[in-house]
1. Order of 116-125, 82-91 by packing, highest average Cβ count within 10 Å first?
2. For K118 and T86 in the same chain, what is the full-extension length gain: residue separation times 0.36 nm, less their Cα-Cα distance, in nm?
3. Where in the stretch 74-103 does the amide nitrogen come within less than 16 Å of the point 7 Å from the Cα of I141, taken along Cα to Cβ?
4. Hey, which of these cross-link pairs are over 18 Å Cα-Cα: K59/K137; K84/K139; K82/K102; K102/K137?
Amino acid sequence: MKKSMTVLTLALSCSLALAGCGSKDSSGGSGSSSAPSSAPSAGTSMSPGTGGSASTDVKEVKVSAKNFTFSPNEIRVKEGQKVKLTLDNTEGMHGLAIPDFKVDLQKPGTVEFTADKKGEHEFHCSVMCGAGHADMKGKIIVE
């Protein structure tokens, strides 16, 4: 009897953990973002500047996250360019972290940062989302 209760408890715990990973939560959940967002209010349009400087351009990128991939999983920007990154969960609960730019969205939302370091920079899921979590990666290429 004691063994049956242990097995039942373990099975229930696993079921709850997996159910949380696979649920769709586009409302933002209860996670928090450690990166400040300086995104404009809704309805504000941001268009690239007319000057020749990359720092006046804003590259808007929408990243969709689902079990266990990002789309797009490769993003190209110019050095010095401001990036407005929006994360949308289309399946499961995911975050997006870019350690080289101190970005960590723990839930769907928007963050802005300046791509001021040339090279390839990895981004990854920052919310434990299940068996494929460790492989949920992409890269930002700053040219």
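1. Values: 116-125: 15.7, 82-91: 19.5.
Result, highest mean first: 82-91, 116-125.
2. Between K118 and T86, full extension yields 9.4 nm more.
3. Once the point is set 7 Å along Cα→Cβ of I141, 74-79 turn out to lie under 16 Å by backbone N, inside the stretch 74-103.
4. Violating the 18 Å limit, Cα to Cα: K59/K137.
Throughout, read-outs are computed from the coordinates displayed, never taken from laboratory work. A quick note: this is a predicted structure, and the numbers were derived from the prediction, not measured. Here the Cβ is made from the backbone with ideal geometry for all residues, glycine too, and neighbour counts use every protein chain on show.
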